[in-house]
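Below: the structure, in C-alpha cells.
The values are calculated or read from the model by the stated rules, or taken from the named source; none is laboratory data. A quick note: this is a predicted structure, and the numbers were derived from the prediction, not measured. Every residue, glycine among them, receives a Cβ derived from its backbone with ideal geometry; neighbour counts consider all protein chains shown.
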Amino acid sequence: MNTFASLREIQDEIKSGTTSCSQVVEACLNNIDKYSHLNAFLEVYPQEALAKAVEIDYKITNGTAGRLAGLVVGLKDMLCYRDHHLQAGSKILEGFESQFNGTAVQRLLDEDAIIIGRQNCDEFGMGSSNENSAFGPSVNGIGKDRVPGGSSGGSAVAVQMDMCQVSLGTDTGGSVRQPAAFTGVIGLKPTYSRISRYGLVAYASSFDSIGIISKNLQDNALILQVISGKDAFDSTVSRNPVPEFNILEEIGPSRIGYIKESLETTRVQQEVKTNTLRQLKSLQEMGHQVEAVDFPLIEYVLPTYYLLTTAEASSNLSRYDGVKYGYRSDNEESLDSFYKSTRSEGFGQEVQKRIMLGTFVLSADYCDAFYKKAQKVRRLIKDKTTELFQKYDFVVMPTAPTTAFELGTFTDNPLEMCWSDLFTVPASVSGNPAISIPNGVDKNGLPVGFQIIADDFNEQGLYALSNAIFRARDN
Ligand code: GLN
C-alpha cells in the first residue's frame with residue numbers, strides 16, 4: 001500500500017480492501033511521531049482521528065462516504081475547529097477554544113476528511129520562516145538547520161514529511177506559496193474571495209486567503225472545489241460559480257509572460273534563476289509562447305503590502321485585550337496597565353512591531369501620507385495586473401528569491417526577511433490566484449519553487465498548466 005498516493009488511488013485501495021482509513025491515519029500518526037523534532041504540529045488528535053477513521057471505513061462499506069473519505073488533513077493554527085484549541089501561534093490566545101467550525105473546516109468535515117491536528121506557524125501569520133511562533137520554530141524536513149518558510153511552516157513540513165496528505169494554510173502575502181517552495185511541495189493561494197474567511201483568524205482582512213498545501217495536484221484541486229464558494233457567514237465571498245476543478249483539463253498553447261525584474265534583481269539566488277530559465281525554456285518547447293514582461297511597479301509592492309497589512313493588523317488585533325479571550329496579565333493595578341501588560345506579555349516582538357507601525361500609518365497626521373497613498377498604489381498595481389492578463393494567460397516567476405535559509409539568519413535584522421516575500425506579495429496585493437510548484441533543487445539539494453499567476457478566478461488554468469508541466473517532466 002502506498003499511503004501517500006493521491007486520494008483517488010487511496011480510495012481505490014480502500015474500496016478493494018487493500019487498505020483502510022484507519023491504516024492511513026495510523027501511517028500519518030507514525031510519521032508525526034517519527035518527525036516530532038520538526039515541531040510541525042502544536043497538537044495532535046490521535047484518538048479522535050482514529051475513531052473517525054473507523055466511522056468512515058464503515059461508511060465506505062455502506063457506500064455513504066463523502067468525497068474526501070480517506071483524506072487526512074492538518075490545519076494551520078489559524079483556523080477554527082470547534083471544541084479544539086486555537087492560538088494563531090501566539091501566547092495571547094492561551095487556553096482559547098473555538099466555539100464553531102470555520103466554513104472551510106466544516107466543508108471538509110462534511111465530505112468526511114479527517115482532521116489530525118493543528119500546525120505550527122508564525123504568530124498571527126506574521127513572518128516568512130516560522131521563527132515567530134510562541135511555540136518555537138518548525139524546522140524544514142530537509143534538515144541542514146533550514147527554516148521551512150512561513151508563516152504556514154508547520155503545515156508545509158507536515159505535507160513534506162507525510163504527516164498528513166493535505167494542509168490548510170493561510171496566505172496573506174505568500175505564507176502558503178513560499179513554505180511550499182521551501183519544502184518542495186505544491187501550494188495554492190486562490191483568488192481573494194474564492195474561499196470564505198469565516199473562522200479564519202484575521203491578520204489583514206483584505207489580503208487573507210485560505211490556501212491549500214499538498215503533494216498531489218488533483219488532491220489540491222478537489223479540496224479547492226469542496227471548500228470554495230459563497231457562504232452566508234462571509235459576505236465578501238465571491239458568488240462566482242465554482243467550476244469542476246478536479247477535472248485536470250488539457251491546456252492549449254498559452255501566452256506566458258515572465259516578470260523580467262524577478263530574474264534581474266541581485267536578490268535572486270543564481271540557482272533559482274537557472275532553474276527558472278530552464279523551466280521557461282521547457283514551456284517554450286511545450287508549445288507555449290513565452291515572453292519577458294516589464295513590471296516596474298514591483299519596486300512598490302513590498303512597501304504597499306507592509307503599510308496596508310500592518311494597518312489592518314493593528315485594527316484586527318485590537319480585540320486581544322485580556323478581557324474577551326485567552327491570556328490575561330495578572331497586573332490589575334488599573335485598566336490601562338492591565339491592557340498594556342496583557343498585550344506586552346501576550347504578543348511576540350514581531351506582532352508588537354507591526355501593531356505599532358499599523359497604528360502609526362493610520363494615525364490622523366500620517367494617514368494621507370502612508371495609508372491612503374498605499375491604497376492608491378494598490379489600485380495601480382491591480383490595474384497594471386489586469387492589463388497584463390489582457391495580453392497573457394499566465395504570468396510566471398520564481399516563488400521566492402532564494403531557497404530555504406538557515407534558522408537564525410535574520411534574527412539580528414528582521415526587516416531583511418521581507419525580501420523573501422518579494423515575488424509572492426504581488427498576487428496578494430492584486431488578489432490574483434497563484435500556485436507554487438516544485439522546480440528542482442539548488443546545489444545543496446534545497447527545493448526551488450516556480451510560481452504561476454493567473455487572471456482572477458482562473459485557478460483551473462493554474463492546475464492545468466501545472467499538470468502539463470509535471471507531465472512534460474515525466475516524459
Ligand atoms: N511573510 C509575510 C508577512 O510576514 C506573509 C505572511 C502571510 O502570508 N501570512 O506578512
When residues of the stretch 125-152 are limited to those that are farther than 23 Å from GLY95 by Cα and free of Cβ contacts under 8 Å to residues at least 60 places away in the same chain, the one surrounded by the most Cβ atoms within 10 Å (Cβ to Cβ): GLY150
Criterion (at pLDDT 95 or above, closer than 30 Å to LEU283 by Cβ and among the basic types (Lys, Arg)) met by exactly one of ARG378, ARG343: ARG378
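Being surrounded by 14 or more Cβ atoms within 10 Å (Cβ to Cβ), touching a residue at least 24 places away in the same chain (Cβ under 8 Å) and in contact with a His (Cβ under 9 Å, 6 or more places away or on another chain): is that true of ILE256 here?
Here the answer is yes, as ILE256 does meet what is asked.
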Within the stretch 315-339, considering residues that are among the hydrophobic types (A, V, I, L, M, F, W, C) and either closer than 18 Å to ILE355 by Cβ or in a loop (DSSP other than H, G, I, E, B) (or both), the one modelled with the highest pLDDT: LEU317
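Filter the stretch 369-425 for residues that are assigned to a loop (DSSP other than H, G, I, E, B) and surrounded by fewer than 13 Cβ atoms within 10 Å (Cβ to Cβ) and give the result. Spell out the reasoning first.
Step one: filter the stretch 369-425 for residues assigned to a loop (DSSP other than H, G, I, E, B), giving 392-393, 399-405, 407-413, 422-424.
GLY408, THR411, ASP412, ASN413 - these are the residues of the stretch 369-425 that are assigned to a loop (DSSP other than H, G, I, E, B) and surrounded by fewer than 13 Cβ atoms within 10 Å (Cβ to Cβ).
Where in the stretch 125-229 are there strands (runs of 3 or more DSSP E), lying fully within it, with 2 or more residues that are touching a Ser or Thr at 6+ places or on another chain (Cβ under 6 Å) and farther than 27 Å from GLN352 by Cβ? I'd like the intermediate steps shown before the answer.
Numbers: elements: 166-171, 186-189, 209-214.
In the stretch 125-229, the matching strands (runs of 3 or more DSSP E) lie at 166-171, 186-189.
Can you tell me which of ALA113, ALA65 is of a type in the set (Gly, Ala, Ser), closer than 25 Å to GLU26 by Cα, buried (at least 24 other Cβ atoms within 10 Å of the Cβ) and away from the ligand (no atom under 16 Å from the Cβ)?
Numbers: ALA65 fails: buried (at least 24 other Cβ atoms within 10 Å of the Cβ).
Answer to the selection: ALA113.
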Filtered residues of the stretch 398-407 (kept if more than 11 Å from the ligand (Cβ to nearest atom) and closer than 15 Å to SER151 by Cα): THR399, ALA404, PHE405, LEU407
Residue in the stretch 167-181 that is surrounded by the most Cβ atoms within 10 Å (Cβ to Cβ), counting only those that are within 12 Å of the ligand (Cβ to nearest atom) and of a type outside the set (Gly, Ala, Ser): PRO179
First in the stretch 447-464 and part of a helix (DSSP H, G or I), second anywhere and acidic (Asp, Glu), Cβ under 7 Å, 6 or more apart: GLY461/ASP393; ALA464/GLU249
Positions within the stretch 184-235 being crowded, with 24+ Cβ neighbours inside 10 Å and basic (Lys, Arg), in sequence order: LYS189
Sole exception among (1) crowded, with 19+ Cβ neighbours inside 10 Å; (2) more than 30 Å from GLY143 (Cα to Cα); (3) modelled with pLDDT under 95; (4) not basic (Lys, Arg) for GLY431, by number: (3)
Any pair with Cβ under 6 angstrom, 6 or more apart, that starts in the stretch 1-15 at a residue that is closer than 18 Å to GLN160 by Cβ and ends at one that is in a helix (DSSP H, G or I) and at pLDDT 90 or above: THR3/VAL24; THR3/ALA27; SER6/GLN218; SER6/ASP219; LEU7/ASP219
Condition check for GLU244: part of a loop (DSSP other than H, G, I, E, B), more than 24 Å from the chain's Cα centre (by Cα) and surrounded by fewer than 24 Cβ atoms within 10 Å (Cβ to Cβ): no
Condition met for SER254 (polar (S, T, N, Q) and touching a helix residue (DSSP H, G or I) at 6+ places or on another chain (Cβ under 6 Å)): no
The stretch 196-211: number of residues that are closer than 18 Å to SER314 by Cα, more than 9 Å from the ligand (Cβ to nearest atom) and small (Gly, Ala, Ser): 3
